[in-house]
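Participant: Handing you this structure, nothing more for now.
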Amino acid sequence: MPPTRFNASKIRNKMKREDVHRAGKREKKQAKLKRRLLQAEKERKNPEERTKRLATNVPKTQDNMREFDPSMLTANPINTIDEKTGEMESKDPNEEANLDMDNDPFASYFNSDADPSIPPKVLITTSPKATRATYDFCDELVGVVPGAEFVRRKKGKGFEIGVIAGWAAGRDYGAMI
């Protein structure tokens, strides 16, 4: 490799500069190869050095660098140290998830006793001043959403969205779009 005081980028002749650069890269590659071969030979003679090298050269990955977060649920049980007694205790990670599911305010919406083969009634309506494109879109929605019914919203007083929602709730509509 050329001396450190020599800077190949200062050579003005492009072909000579490329040759010097190529030669420097080749020397660097050969030095790395020699170093790897010496290390492999040393580890072949003494296998303990290989295990020592592998133990110390652990790559830094996101999983290795992650700090423990007790609020994060994992698939495997977590062994924690009880702060009061100092003993190891195994905690079920799904315990907290099960507690959350038991206290879920929307659980009745998803776990209803209604027949799952019957689609819920859905009311589709528009704004008071809907365009032709809006009506075409609503017709498409009626075809896509099972159990959907389109009701054209009239202009004027008495057809506010709150009034229509009350009307829909009285007729057992489960959702409104």
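The values are calculated or read from the model by the stated rules, or taken from the named source; none is laboratory data. Because the structure is a prediction, the values reported are computed rather than measured. Cβ coordinates were reconstructed from backbone atoms using ideal geometry, including for glycine residues, and neighbour counts include every protein chain displayed. All accessible areas refer to the heavy atoms of the entire protein, side chains included, with ligands and DNA or RNA removed. Shrake-Rupley method; radii C 1.70, N 1.55, O 1.52, S 1.80 Å.
Participant: Given the pairs Lys25/Lys52; Lys10/Lys60; Lys29/Lys52; Lys10/Lys34, which are separated by over 27 angstrom at their Cα positions?
Facilitator: From the list (Lys25/Lys52; Lys10/Lys60; Lys29/Lys52; Lys10/Lys34), the Cα-Cα distance tops 27 Å for Lys25/Lys52; Lys10/Lys60; Lys10/Lys34.
Participant: Hey, another quick one. Using only Cα atoms, locate the centre of segment 117-160 and the centre of segment 10-49, then give the distance between them in Å, rounded to an integer.
Facilitator: If we compute the Cα centre of each part, the gap is 73 Å.
Participant: Compute, for Met176, the solvent-accessible surface of its heavy atoms (probe 1.4 Å) with the complete set of protein chains present, and express it in square angstrom to the nearest 10.
Facilitator: For Met176, solvent-accessible area is about 70 Å².
Participant: With no solvent and one equal point scatterer placed on each C-alpha of segment 1-61, evaluate the Debye formula and give log10 I(q)/I(0) for q = 0.18, 0.24, 0.28, 0.29 Å⁻¹, two decimals.
Facilitator: Relative scattering, expressed as log10 I(q)/I(0), comes to -0.74, -0.95, -1.11, -1.14.
Participant: Keeping all protein chains in place and using 1.4 angstrom, which order do Val163, Val20 fall into by accessible surface area, from largest down?
Facilitator: Largest accessible area first, the list is Val163, Val20.
Participant: Determine, for each peptide in 137-143, 50-56, 118-124, the mean count of other beta carbons within 10 angstrom over its residues, then list the peptides with the highest first.
Facilitator: Most protected by this proxy first, the peptides run 118-124, 137-143, 50-56.
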